[in-house]
Ligand code: C5P
């Protein structure tokens, strides 16, 4: 089976409070999304990456990455799941349903090659979808509406989901379409797979695979990128 990737990059990044979508902010002379694509493209076995861009995106075509022969683009949708589904539809003529696809946030430029390799190895070995994740390190509180703690959640069972998330192309397409049709909230690909009653393996990654979401994340990501030589 071949390996493909989809990078959803059609979000507006409202929580960043910046005019530019977060994937187009610059770190070390390159945009966030270009760092992310560089990391994915270090995988020699990766066939192509489909980037789902926003309908009114005016920046993507100006980037060098847009001209790489291993990078294609398509128009994303209203929610992340729509964008990923658009990517899967763009893969229809290229990939078989039994191929593997990694979905990776444009906003996670710090993912390291050994983590990508570990995810691929585990998923292929067990022939079961899987995601990079880390065990929760903080104590977790559930709150009532007025910010009063209603209970403490046993953190031993809690993991924080990251990306990449890797599944069979056909399985993910069906699961996402069904979840969207059913109107279920889908904040990651795994939640659609879970809804479909299929197993998802947790593959322990690293805490520095952060998603740039809030303004304070950008300098942190820039620091982490400087630290890494894979
Ligand atoms: O909003 P959040 O940080 O969860 O977004 C994760 C990724 O999903 C980002 O890379 C964002 O660009 C992408 N996204 C998308 N289409 C949307 C919403 C988010 O491709 N409609």
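The values are calculated or read from the model by the stated rules, or taken from the named source; none is laboratory data. All values reported here derive from a predicted model rather than from experimental measurement. Virtual Cβ from ideal backbone geometry, glycine too; neighbours counted across all protein chains shown.
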Just checking, does region 141-159 include any residue being within 16 Å of the ligand (Cβ to nearest atom), modelled with pLDDT of 95 or more, more than 15 Å from residue 3 (Cα to Cα) and touching a strand residue (DSSP E or B) at 6+ places or on another chain (Cβ under 6 Å)? no
Which is within 9 Å of the ligand (Cβ to nearest atom), within 18 Å of the chain's Cα centre (by Cα) and under 26 Å from residue 120 (Cβ atoms), of 9, 5, 14? 9
From 14, 66, 1, grab the single residue that is more than 23 Å from residue 217 (Cβ to Cβ) and modelled with pLDDT under 95. 66
Do we find that residue 42 is at pLDDT 95 or above and out of contact with any strand residue (DSSP E or B) (no Cβ under 6 Å at 6 or more places or on another chain) in this structure? yes
Does residue 83 qualify as being assigned to a helix (DSSP H, G or I), buried (at least 19 other Cβ atoms within 10 Å of the Cβ) and at pLDDT 95 or above? yes
Meets criteria (in a loop (DSSP other than H, G, I, E, B), within 16 Å of the ligand (Cβ to nearest atom), in contact with a strand residue (DSSP E or B) (Cβ under 9 Å, 6 or more places away or on another chain) and touching a residue at least 40 places away in the same chain (Cβ under 8 Å)) for residue 98: no
Given region 110-227, what strands (runs of 3 or more DSSP E) lie entirely inside it while holding 2 or more residues that are over 18 Å from the mean Cα position of the chain (by Cα) and over 30 Å from residue 26 (Cα atoms)? 140-143, 149-153
Of the residues 86, 90, only one is farther than 21 Å from residue 210 by Cα and away from the ligand (no atom under 12 Å from the Cβ); which? 90
